[in-house]
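The structure appears below as structure tokens.
The values are calculated or read from the model by the stated rules, or taken from the named source; none is laboratory data. Since we're looking at a predicted model, the values are computed, not measured. Here the Cβ is made from the backbone with ideal geometry for all residues, glycine too, and neighbour counts use every protein chain on show.
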Amino acid sequence: MKDDVRKYIYVTILAFLVVVGGWVIFLFLNACDFTFTCKRGALLIERTPVPSLIPATMPAATQPSDLGQAPASEHCRVRAVDFVGAWVNAGASEEEPFQFTDINGQTCSASYVEINQLFTQSNYWYSGSLACSSCHSADVAVSPAQLDLSSYAGVLAGSRRESADVKGTDILGKGNWANSVLYKYVSANQADIPGHNNLITDALIYIGNPLATPAPTSAPTATEIVPTPTP
Ligand code: HEC
């Protein structure tokens, strides 16, 4: 009886060792095949932790700031939201240039061409930003908020349009930037809406050109410019 128990114990221990040994051999063969020089367990080579590559699929950076070239003096530097606001407050013209004051206090000039770039080019608000018109496209049937930012006519036609031939809600606040829907959507963090976030709200961009002669102190600054009524 005592011997029987002892036998069971020995057999159990032996079976255990066989199973463990067999498992180790199985793992080794599985990973390394029949070789004694398996390097699978070798330490990983340490590589630089700096992610130095821009994803190859991104469109090329277009902002001078991203490219690190173009001396800052060439263009004005302004908060993108204020830039669009200056255009709206100046009457949102397609042809007429408008003025704005940049963050260095320079009086600068730009036109709808630059506004259009801001709406239709990627990487403009910040590195990696989507073009507004990639969502708000000319096809109002699929565009979010039925808003087309791809052209001047589209911007003026507004949002929530029932079809491509009708106008919708004015997004320019009838020339009053602070009251406009557009201001609301680019000046406050709308994190729950894709494409709208605080990177847009805070974006500082290089745009427009300083006026050739520094304005005399008596000249009106961009903030004092009386909005020209839209025709
Ligand atoms: C990733 C897609 C996407 C991008 C990019 C995008 N938007 Fe939007 N936008 C939306 C969505 C979604 C809504 C909300 C639609 C709704 O409420 O039905 C919206 C709403 C708006 C509205 C509100 C219209 C209204 O009447 O409610 C404005 C204005 C607007 N966007 C302007 C912009 C501007 C300017 C840009 C570029 C800086 C931009 N959007 C970029 C998706 C986008």
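For the stretch 6-24, give me the residue count where each residue is within 30 Å of F34 (Cβ to Cβ) and of a type in the set (V, I, T).
Count: 5.
Select from the stretch 130-145 the residues that are within 10 Å of the ligand (Cβ to nearest atom) and either assigned to a helix (DSSP H, G or I) or surrounded by fewer than 19 Cβ atoms within 10 Å (Cβ to Cβ) (or both) and list them in ascending order.
Of everything in the stretch 130-145, those that are within 10 Å of the ligand (Cβ to nearest atom) and either assigned to a helix (DSSP H, G or I) or surrounded by fewer than 19 Cβ atoms within 10 Å (Cβ to Cβ) (or both) turn out to be L130, C132, S133, S134, C135, P144, A145.
Six or more apart or on different chains, Cβ under 8 Å: which pairs go from a residue in the stretch 122-146 that's not assigned by TED's automatic domain parsing to the domain that holds N197 to one that's outside any helix (DSSP H, G or I) and crowded, with 16+ Cβ neighbours inside 10 Å? Could you list them?
If the second residue must be outside any helix (DSSP H, G or I) and crowded, with 16+ Cβ neighbours inside 10 Å, no pairs are left.
Any residue that is loosely packed, with under 13 Cβ neighbours inside 10 Å and among the basic types (K, R) - is there at least one of those in the stretch 168-182?
The answer is yes; a qualifying residue exists.
Could you check D148 against (1) surrounded by fewer than 20 Cβ atoms within 10 Å (Cβ to Cβ); (2) part of a loop (DSSP other than H, G, I, E, B) and say which number it fails?
(1)
For the stretch 152-167, name all the residues that are part of a helix (DSSP H, G or I), buried (at least 18 other Cβ atoms within 10 Å of the Cβ) and either touching a residue at least 60 places away in the same chain (Cβ under 8 Å) or within 11 Å of the ligand (Cβ to nearest atom) (or both).
Correct list: V155 only.
Identify, from the list S150, S163, the residue that is assigned by TED's automatic domain parsing to the domain that holds Y112 and either in contact with a Ser or Thr (Cβ under 6 Å, 6 or more places away or on another chain) or modelled with pLDDT of 95 or more (or both).
S150
Residue pairs, Cβ under 9 Å, 6 or more apart or interchain, first in the stretch 173-193 and over 16 Å from A86 (Cα atoms), second modelled with pLDDT of 90 or more and surrounded by fewer than 17 Cβ atoms within 10 Å (Cβ to Cβ). List them.
Final answer for the pair search is Q190/K184; I193/P144.
Residues to consider are A212, A191, A157; find the one that is out of contact with any Gly (no Cβ under 6 Å at 6 or more places or on another chain) and at pLDDT 90 or above.
Within the list A212, A191, A157, the selection yields A157.
Can you tell me how many residues within the stretch 86-129 are of a type in the set (A, V, I, L, M, F, W, C), more than 28 Å from S163 (Cβ to Cβ) and within 16 Å of the ligand (Cβ to nearest atom)?
Count: 2.
Would you mind stating whether I205 is outside any loop (DSSP other than H, G, I, E, B), within 15 Å of the ligand (Cβ to nearest atom) and at pLDDT 85 or above?
yes
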